[in-house]
Amino acid sequence: MSELIPTKADAEVAECLTAKRSFAMIAGAGSGKTTSLITALENIRNEYAADFRKNSQRVACITYTNRAVGVITTRLGHDDLYLVSTLHSFLWDEIKRFSRDIKEAIREHRIPQLIENARKKDNGGNSKEALKARARIASYEEELTKLDYVRDFKYNDSAFSEYSNGLLSHDDVIEVAGYLLASKAVFRKALGFRYPFIFVDEAQDTFQNIMAGLNLVGSGDGLPVIGYFGDPWQQIYENRAGNFEPPPQGKKITKTENFRCSESVIAFLNAFRGDVKQVAAGSNKGKQGSVLLTLVKAEEPEAPRKRYSEEQVERALQRFDTELDNWGWAGRDDIIKLFLVRQMIARRLGFFELNKLFTGNYASSRAQDDYETGNHFLLKPFLSSIWPLVSANKSENSRAVIDLLLSNSPTFEVRGRNSERSLREMVKLSNTLLSGLTEQWDSGTVRDVLNYCSKNSLVRFSDRLVEHLARDPRVEEYDADTHGEEKGDWLCDQFFGMGTAELQAYCDFIQENTAYSTQHGVKGEQYPNVLVVFDDVEAAWNRYSFTKMLAPNTSGEPTQGQLELSQKLAYVCFSRAEENLMILLFTLDPKGAKKELVGRKLLSEEQVKIAE
């Protein structure tokens, strides 16, 4: 995509830059949005670089992930004219000097907001929810009384706040920055002077209060210019800007080219979406491709809370395998298979019990989030060091073993405790330790492996993990009311008692060494062949209903929230396909669903099949 020719939308952006006019580019999937963004940034460099450097000004580009930061920075040649940053990092760097204003924002806005949210959950009774809400209110009110003694604030890059000690969370940075943008004209003016151009990539995923604040920054004529690049139909996270607009007098620009998908996929996306009609562009012009949807008769859920039983999950996977074989896609590694949640992926890849543990009663929402991203403190050593060491040793990859030991092992630090020992001794030691580690991995428990690594200083552990390894296991029966705040102990103990077989499969999945992914996890990616599996029962999420979204007359009308979330996530999945797209939809009424899908002209009669 880096060699795409400028489009009409790119020309309109260039006109806005010349006229110093803010804008919002709506760019559908596969449109070359990042290239448009890079082109606009390079145009600014060509026109304004000398003046900006003289005035110590920079061009800000805010994007969603650290990965995107790296891509954009590289494509700009690591030029320090640009500040490319994630949203949280950018905002924190801009507000952290204003301790007095941060304190005001917390006192006048953030804590009152949290107290009000807690009050909504307090019905005045003695339910667990009401008692917890009152406890939270009392805690927040106590934090308010201690704010005067806080001199400085720090962003601790987590979901937890501790205002009395000056520690702010992810959410706090957004709320404080939004407050300052909305209420402090001097802050907005200073921001606009430092950054005459502020571009926001993936604008649909920006928080609403931040976008409102940036629109205030760019609300006047001339500099600063605010430029948004994004797509409302790819907004799959809650409480974000979604249908974003440019600042007043800004221009809305639509990019209609699709440089990614085949003609068949584009036709389906246009029928599915409706608001933007894309056309094939670049090398995919004339590439026909295919879109096929197979309807499978779903089973009525037998387990509690309208869930599948384990036997039903297994049968659903067998139906999945049958259709994969019918399509001729069985056994192929060039097909990405997308599921809404990990239950079926975990069962298929072999980490079902691990998945059940980290999504069960002992896992907080934070623990589950960290498990899903691979950042949980129990799992990080296995992802970064232990399994890579075992894998490299088993495959006799001595180069990888050496690199891992030098970078992660206290025993093998260049200037560590063994720095005076000879190379021969260290090679012998590494062979001995890796042999022992592999033996523990093959026959021991997770605790055995961790204790072996700790005893031999083979891997660095967090203090938190060390503390859990050192304590005695909890022997009392877990009770949510009594032990709710300590349930992580039971999570650790269960994990320590497991074997290691499932960890290998989990590590491979997290490190993207498999052909499976969650549907949320593929945003921004593209693949030649994509298989999307929709099963509302398997997902067990009331927020989504793909059967209702695709066939409302057959399956029932979705709520507005279900419709919007399901449409956007489905669009993200469908638009990953460069050539061929297959959709497997489990529904209670396959015949009715087919009639409706064809009747709505989403697909032709030949593109929809009912599984035998």
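The values are calculated or read from the model by the stated rules, or taken from the named source; none is laboratory data. Just so you know, these numbers come straight off a predicted model, no measurement behind them. Heads up, the Cβs are rebuilt from the backbone with ideal geometry, glycines too, and the neighbour counts pull from every protein chain shown. Only protein heavy atoms, including side chains, enter the accessible area calculation; ligands, DNA and RNA are left aside. Shrake-Rupley method; radii C 1.70, N 1.55, O 1.52, S 1.80 Å.
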Answer with yes or no whether residue 183 is among the hydroxyl-bearing types (Ser, Thr, Tyr) and open to solvent by less than 50 Å² (accessible area, probe 1.4 Å).
no
Note on the stretch 407-427: residues hydrophobic (A, V, I, L, M, F, W, C), under 38 Å from the mean Cα position of the chain (by Cα) and surrounded by 12 or more Cβ atoms within 10 Å (Cβ to Cβ) are 412
From the residues in the stretch 190-228 that are buried (at least 21 other Cβ atoms within 10 Å of the Cβ) and among the hydroxyl-bearing types (Ser, Thr, Tyr), which one is nearest to residue 14 (Cα to Cα)?
228
Residue check for residue 465: in contact with a Ser or Thr (Cβ under 8 Å, 6 or more places away or on another chain) and open to solvent by less than 40 Å² (accessible area, probe 1.4 Å)
no
Condition (residue is of a type in the set (Gly, Ala, Ser), modelled with pLDDT of 90 or more and surrounded by 14 or more Cβ atoms within 10 Å (Cβ to Cβ)) applied to the stretch 123-130: is it met by at least one residue?
no
Working only within the stretch 516-545, note down all residues that are free of Cβ contacts under 8 Å to residues at least 60 places away in the same chain and of a type outside the set (D, E, K, R).
521, 542, 545
Checked against (1) surrounded by fewer than 16 Cβ atoms within 10 Å (Cβ to Cβ); (2) touching a residue at least 12 places away in the same chain (Cβ under 8 Å), residue 358 satisfies every condition except (1)
Among the residues of the stretch 428-454, what is the count of those that are under 10 Å from residue 393 (Cβ atoms) and under 34 Å from the mean Cα position of the chain (by Cα)?
3
Within the stretch 410-425, can one find any residue that is in a helix (DSSP H, G or I) and in contact (Cβ under 8 Å) with a residue 40 or more places away in the chain?
yes
Grab the strands (runs of 3 or more DSSP E) fully contained in the stretch 155-264, keeping just those with 1 or more residues being of a type in the set (Asp, Glu), touching a strand residue (DSSP E or B) at 6+ places or on another chain (Cβ under 7 Å) and closer than 30 Å to residue 275 by Cβ.
197-201
Residue ranges of helices (runs of 4 or more DSSP H) in the stretch 525-612 with at least 3 members modelled with pLDDT of 90 or more and either closer than 20 Å to residue 233 by Cβ or open to solvent by 40 Å² or more (accessible area, probe 1.4 Å) (or both):
546-550, 552-555, 560-574, 590-599
So for the stretch 499-518 (the condition being modelled with pLDDT of 90 or more, open to solvent by less than 20 Å² (accessible area, probe 1.4 Å) and in a strand (DSSP E or B)), does at least one residue qualify?
no
Quick one: in the stretch 146-180, which of the residues that are among the acidic types (Asp, Glu) and more than 26 Å from residue 212 (Cβ to Cβ) is least open to solvent (accessible area, probe 1.4 Å)?
162
